[in-house]
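Each reported figure results from applying straightforward, stated rules to the coordinates on display, with no laboratory input. All values reported here derive from a predicted model rather than from experimental measurement. Here Cβ is always computed from backbone atoms with ideal geometry, including for glycine, and neighbour counts include all displayed protein chains.
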Amino acid sequence: MRLNSALFCLALTALAPLPAQAVGGIFAFVDDDGVEHLSNIPDDKRYRLVLADRFEPARTALRAPRGVLALPYGQRPFHDSVMRASSESGVDAKLLHAVITVESGYNQGAVSPKGATGLMQLLPGTAKRYGTVNLLDPGENIRAGARYLRDLLALFDNNLELALAAYNAGENAVIRHGRRLPPYAETRRYVPLVVAHYRRMQGS
């Protein structure tokens, strides 16, 4: 699977320092009229952190990988399950490892505030679509995630950037925004992070 130069530049951009006013987390406050405000730029003193930046560990790992993320991809946890899922789905094993790296950091028990579960952080509805019963089972989780990613790549004509955006935000979000990267801060951080990890493993 080839990545175009623009996508690689997008990946490198993710590694650059954020502007001084930009913060990785999500902040919120409710104003006097009862309206809730959400932002990743806390430019009002009423903002309070409600969701920490879950991508910071991945960014740190890219700068100075340690522990499991310093291992060659073939020596990482669950590699046998990744290889089986790759063989069954046709999705590059390195790409599956890159998704796992950013989604869960190889924590098979990870559960997000939205209910995304396991190594590849699948929502229950997505898991059900692919016949997965136990999202905390590494083999089942990776297999379902690989099949989902395969279908997203097919849906978006093997455009890796759009497939990853759909994996993060849902395929309908990508379609709704004209088959372009949705304007969501999380998705626009997520896509280049996965690509950067993928490129690193391709070059290892």
Inter-site label distance for Glu88 and Ala185 at 7 Å from Cα along Cβ, in nm: 3.8
Can you give the net charge of the other residues whose Cβ lies under 11 Å from the Cβ of Leu155, counting K and R as +1 and D and E as -1? -1
Residue by residue through the stretch 105-110, the couplings from Karplus 6.51 cos²θ - 1.76 cosθ + 1.60 with θ = phi - 60°, in Hz, x for Gly and Pro, are x, 6, 8, 5, x, 5
Give the residues of the stretch 168-204 whose amide nitrogen is closer than 16 Å to a point set 7 Å from the Cα of His79 in the direction of its Cβ. 201-204
17 Å Cα-Cα reach of Lys128 towards lysines, excluding residues that sit fewer than 8 places from it in its own chain: Lys114
Karplus-derived 3J(HN,Hα) from phi for the stretch 187-192 (6.51 cos²θ - 1.76 cosθ + 1.60, θ = phi - 60°), whole Hz, x at Gly and Pro, runs 5, 6, 8, 4, 4, x
If each residue of separation counts as 0.36 nm, what is the full-extension length gain between Gln202 and Arg63 once their alpha-carbon separation is subtracted? 48.4 nm
Taking H placed 1.01 Å from N in the peptide plane, check which residues at least 5 places from Leu122 or on another chain put their amide H under 5 Å from its amide H. Thr117
Under 15 Å, Cβ to Cβ, from Arg46 - net charge with Lys/Arg +1 and Asp/Glu -1: -4
